[in-house]
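Peer 1: Got a structure for you, written out below as structure tokens; questions coming shortly.
The values are calculated or read from the model by the stated rules, or taken from the named source; none is laboratory data. A quick note: this is a predicted structure, and the numbers were derived from the prediction, not measured. Neighbour counts run over all protein chains shown; Cβ positions are idealised from the backbone, glycine included.
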Amino acid sequence: MCGIVGYIGRREAAPIIVEGLKKLEYRGYDSFGIATLDNTLHLDKHKGRISENPQVASLLKGKIGVGHTRWATHGIPNDANAHPHIDCTGKIALVHNGIIENFTELRRQLLSRGHLFKSETDTEVIVHLIEEAYGRKRNLLDAVQEVLPLLEGSYAILVISLTEERLIAARNASPLVIGIGDGENFAASDMTPIIEHTERAVFLEDGDIASITRGKIEIFNKNNPVSRPVELIDWSQEDVKKGGYPHFMLKEIYEQPQALYNTIRSVDMDNLPKILRNPQSVTVVACGSSFHAGLIFKYLLEGACGIPARMEYASEFKYFPPPVEDLVIGITQSGETADTLAALRQAKTHNCRTLAITNVLGSTICRTVDNTIFMRAGPEISVAATKSFVAQLAVLMQVINCLCGRKCDDILQHAHQAIEEVLLMDLTDAVNLCKGASDIFYVGRGPFYPLCLEGALKMKEISYIHAEGYAAGELKHGPFALLSQETPVIALCMPGETYGVMVSNIKEMKARGAPVIAIGCRTDTELSDIVDIFIGLPKTPMFVQVLTTLVVLQLLAYHTAVSLGCDIDKPRNLAKSVTVE
Ligand code: F6R
């Protein structure tokens, strides 16, 4: 977690870094800081969000600088623990994203050699180690190069020194990208702060260290010069702005038809069989919403062609790996989720073939697995996953089509149109019921069960209302005890094999006094007659029903959270990219 930005060029660095950090707040926002260089090292860092407090930082002078927005891991959010961290001489400044696992021992050694620490962070050891190495080495690049092997854990760092006109960047297991400008260069955790300045980018790999001046970028790995490809990033500047929507989350919900359409078409169906290679079984590892997408995949794949699919929480897999063979798929929007990365590494030790489905080009996962399929959701800024979930389902449907020997059918090609229709629905009655509740249950069967998990996750993470998703048949095995007039139940009840039993379940819940909001087929008068609030969706094939129902659940959570005055895009205690276990 944490976002970092660096700049070197002809312009004043601070305003560029401030704007960049605001765009990275989705990676963490409990404190921020900036350091710039002219003939002195200027520093400004504070507890809180840069978007609420950018004034002083923007005024710092100098055409070289680094900045940081933090998600605390070591040390509480306060001014002292905010980055950048400065060495004892006051000449070197450093920002870091990641965790230095052996910092306690390094700190002890540094203290015994007389260094003064100003923070409780793991990060500060790095800047003091560089300070020592700088005393022995010719330049900052060599000094950082000497220090990196001492660090255990993950890092993306940017370092500046009063004595040199350059930025040093290095990464190991945390993302870092360099933006190539004209007489100026940028570095950041991802492209969102860079895209308004340049679309040319170089993604550093693990073990890379880069020396960045105004006009030159040199990259080394294990002390040898290496060249990394320059990628052209096709995100528009609008992609990273709110585009007139009150929140990124709503913008991203509305971008789902496009995300679906683009992703379905981007999967290379000619190459897919070479990647998948007719597996006997598939294991999927993921966390959070990505786990729910995987669970829908399991239901649909097994239903379509009987290939066994096992769904595992990535956080459990690392420590309790089940017997795995053949193909292991990791699903991760960010491509940086520590547990998913660890699970895939573990799978490799079992000689499994590994495939990642991710939204972020150049993310760590791409270098961890044998093959990667990119979704085309575009940058997802809001902490709550929405359009990336739809894009994951799009890729997974193409995987199912390939494994079942089917072509991408008309239904999939036109699914985005059904979503567009649902985006315009009025959910006021359902929102009014939900916003007054302390607990909400979501129930469904088959692929609609993981949708219940996803709907409940969206509701709890952004509205802070306690919500639970259940396979509908499970409610009477315990949770029925909680049903009352105060506990709304959201029942996903589409036409199909389980329709009859779902209607019976709904009647049982009604008999216990629970108000029921049913999401069903628009023409279903039997259902609309027995429930309190009925949300009717267009009649479509099953996979499209999954998508349209999902959108209703996202909008319900969104509007409920808005009506409660919640911080939609940055829910409390959460960060977008979970790079720690
Ligand atoms: C929920 C949400 C999280 C993520 C989870 C995995 O809205 O966003 O549950 O789905 O942290 O993240 P990725 O997909 O980046 O691995």
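Peer 1: Against the condition in contact with a helix residue (DSSP H, G or I) (Cβ under 6 Å, 6 or more places away or on another chain) and under 20 Å from Ile296 (Cβ atoms), how does Thr337 come out, does it pass?
Peer 2: No.
Peer 1: Check Pro257 against each of (1) within 28 Å of Leu555 (Cβ to Cβ); (2) not assigned by TED's automatic domain parsing to the domain that holds Ile307 and name the one condition it does not meet.
Peer 2: Tallying (1) within 28 Å of Leu555 (Cβ to Cβ); (2) not assigned by TED's automatic domain parsing to the domain that holds Ile307, Pro257 fails exactly one: (2).
Peer 1: Moving on. Checking Pro479 against (1) within 16 Å of the ligand (Cβ to nearest atom); (2) more than 26 Å from Val562 (Cα to Cα), which single condition isn't satisfied?
Peer 2: Among (1) within 16 Å of the ligand (Cβ to nearest atom); (2) more than 26 Å from Val562 (Cα to Cα), Pro479 violates only (1).
Peer 1: Is there a residue in region 387-399 that is more than 24 Å from Glu302 (Cβ to Cβ), within 13 Å of the ligand (Cβ to nearest atom), buried (at least 17 other Cβ atoms within 10 Å of the Cβ) and modelled with pLDDT of 95 or more?
Peer 2: yes
Peer 1: May I ask you to say which residue of Glu486, Glu454, Glu468, Glu461 is of a type in the set (D, E, K, R), surrounded by 15 or more Cβ atoms within 10 Å (Cβ to Cβ) and not in a helix (DSSP H, G or I)?
Peer 2: Selected residue: Glu468, the only one of Glu486, Glu454, Glu468, Glu461 that is of a type in the set (D, E, K, R), surrounded by 15 or more Cβ atoms within 10 Å (Cβ to Cβ) and not in a helix (DSSP H, G or I).
Peer 1: Restricting attention to region 464-476, report how many residues are within 14 Å of the ligand (Cβ to nearest atom) and touching a strand residue (DSSP E or B) at 6+ places or on another chain (Cβ under 9 Å).
Peer 2: So the count comes out to 2.
Peer 1: Looking at Ser363 and the list (1) under 17 Å from Pro175 (Cα atoms); (2) more than 13 Å from the ligand (Cβ to nearest atom); (3) not β-branched (Val, Ile, Thr), which single condition is not satisfied?
Peer 2: The number of the failed condition is (2).
Peer 1: Would you check if there is a residue in region 345-352 being touching a helix residue (DSSP H, G or I) at 6+ places or on another chain (Cβ under 6 Å), of a type outside the set (Asp, Glu) and within 15 Å of the ligand (Cβ to nearest atom)?
Peer 2: No: zero hits.
Peer 1: Among (1) within 19 Å of Gln392 (Cβ to Cβ); (2) not assigned by TED's automatic domain parsing to the domain that holds Gly378, there is one condition Lys251 misses while meeting the rest; what is its number?
Peer 2: Single failed check for Lys251: (2).
Peer 1: Kindly list the number of the only condition in (1) over 28 Å from the mean Cα position of the chain (by Cα); (2) over 17 Å from His559 (Cα atoms) that fails for Ala437.
Peer 2: Among (1) over 28 Å from the mean Cα position of the chain (by Cα); (2) over 17 Å from His559 (Cα atoms), Ala437 violates only (2).
Peer 1: Please indicate, with yes or no, whether at least one residue in region 281-304 is at pLDDT 95 or above, assigned to a loop (DSSP other than H, G, I, E, B) and within 16 Å of the ligand (Cβ to nearest atom).
Peer 2: yes
Peer 1: Which residue pairs have Cβ atoms under 6 Å apart, sit 6 or more places apart or on different chains, and have a first residue in region 521-537 that is under 13 Å from Ala491 (Cβ atoms) and a second that is surrounded by fewer than 20 Cβ atoms within 10 Å (Cβ to Cβ) and small (Gly, Ala, Ser)?
Peer 2: Phe534/Ser528
Peer 1: Okay, moving on. Quick check on my filter: what residues within region 163-174 are more than 20 Å from Lys216 (Cβ to Cβ) and surrounded by fewer than 22 Cβ atoms within 10 Å (Cβ to Cβ)?
Peer 2: Listed by number, the residues that qualify are Asn172, Ala173.
Peer 1: If I go through region 471-483 residue by residue, how many of them are buried (at least 19 other Cβ atoms within 10 Å of the Cβ) and over 31 Å from the mean Cα position of the chain (by Cα)? Don't jump to the end; show me each part of the working.
Peer 2: Residues of region 471-483 that are buried (at least 19 other Cβ atoms within 10 Å of the Cβ), as a first pass: 472, 475, 483.
Among the residues that remain, those that are also over 31 Å from the mean Cα position of the chain (by Cα) are: 475, 483.
So the count comes out to 2.
Peer 1: Going by what's in this entry, would Ile157 be described as in contact with a helix residue (DSSP H, G or I) (Cβ under 6 Å, 6 or more places away or on another chain), touching a residue at least 40 places away in the same chain (Cβ under 8 Å) and of a type in the set (A, V, I, L, M)?
Peer 2: no
Peer 1: Still on this structure: Among the residues in region 412-434, are any crowded, with 21+ Cβ neighbours inside 10 Å, within 16 Å of the ligand (Cβ to nearest atom), not polar (S, T, N, Q) and not assigned by TED's automatic domain parsing to the domain that holds Met311?
Peer 2: There is no residue in region 412-434 that is crowded, with 21+ Cβ neighbours inside 10 Å, within 16 Å of the ligand (Cβ to nearest atom), not polar (S, T, N, Q) and not assigned by TED's automatic domain parsing to the domain that holds Met311.
Peer 1: Just wondering, is there one or more residues in region 347-363 that are farther than 25 Å from Glu461 by Cα, without any contact (Cβ under 8 Å) to a residue 40 or more places away in the chain and assigned to a loop (DSSP other than H, G, I, E, B)?
Peer 2: Taking every residue of region 347-363 in turn, at least one turns out to be farther than 25 Å from Glu461 by Cα, without any contact (Cβ under 8 Å) to a residue 40 or more places away in the chain and assigned to a loop (DSSP other than H, G, I, E, B).
Peer 1: Are any residues in region 407-447 more than 27 Å from Gly303 (Cβ to Cβ), touching an Asp or Glu at 6+ places or on another chain (Cβ under 9 Å) and aliphatic (A, V, I, L, M), and if so, which ones?
Peer 2: Correct list: Leu433, Ala437, Ile440.
Peer 1: Separate question: From Gly153, Gly183, Gly179, grab the single residue that is under 24 Å from the mean Cα position of the chain (by Cα) and farther than 13 Å from His96 by Cβ.
Peer 2: Gly179
Peer 1: Something else now. Looking at Lys91, Lys137, can you tell me which residue is touching a residue at least 60 places away in the same chain (Cβ under 8 Å) and farther than 22 Å from Gly3 by Cα? It would help to see each step written out before you state the result.
Peer 2: On the way: Lys137 fails: touching a residue at least 60 places away in the same chain (Cβ under 8 Å).
After applying the criteria, what remains is Lys91.
Peer 1: If Ser315 satisfies all but one of (1) farther than 19 Å from Val544 by Cα; (2) in a helix (DSSP H, G or I); (3) more than 16 Å from the ligand (Cβ to nearest atom); (4) in contact with a Cys (Cβ under 9 Å, 6 or more places away or on another chain), what's the number of the condition it fails?
Peer 2: Single failed check for Ser315: (3).
Peer 1: Identify all residues within region 44-72 that are surrounded by fewer than 17 Cβ atoms within 10 Å (Cβ to Cβ) and either touching a residue at least 40 places away in the same chain (Cβ under 8 Å) or closer than 20 Å to Ser161 by Cα (or both); write none if there are none.
Peer 2: Ser58, Leu59, Lys61 - these are the residues of region 44-72 that are surrounded by fewer than 17 Cβ atoms within 10 Å (Cβ to Cβ) and either touching a residue at least 40 places away in the same chain (Cβ under 8 Å) or closer than 20 Å to Ser161 by Cα (or both).
Peer 1: Restrict the check to region 369-379 and report whether at least one residue is away from the ligand (no atom under 15 Å from the Cβ), surrounded by fewer than 18 Cβ atoms within 10 Å (Cβ to Cβ) and modelled with pLDDT under 95.
Peer 2: No, there is no match, as no residue in region 369-379 is away from the ligand (no atom under 15 Å from the Cβ), surrounded by fewer than 18 Cβ atoms within 10 Å (Cβ to Cβ) and modelled with pLDDT under 95.
Peer 1: Test Asn351 against the stated conditions and say whether it is surrounded by fewer than 23 Cβ atoms within 10 Å (Cβ to Cβ) and at positive phi. Explain how you work it out, then say what you get.
Peer 2: Working: surrounded by fewer than 23 Cβ atoms within 10 Å (Cβ to Cβ): yes; at positive phi: yes.
So Asn351 passes the test.
Peer 1: May I ask you to say which residue of Leu457, Leu424 is at pLDDT below 95 and of a type in the set (A, V, I, L, M)?
Peer 2: Every option except Leu424 fails the conditions.
Peer 1: Residues that are assigned to a helix (DSSP H, G or I), within 16 Å of the ligand (Cβ to nearest atom) and among the acidic types (Asp, Glu): does region 333-341 have at least one?
Peer 2: Yes.
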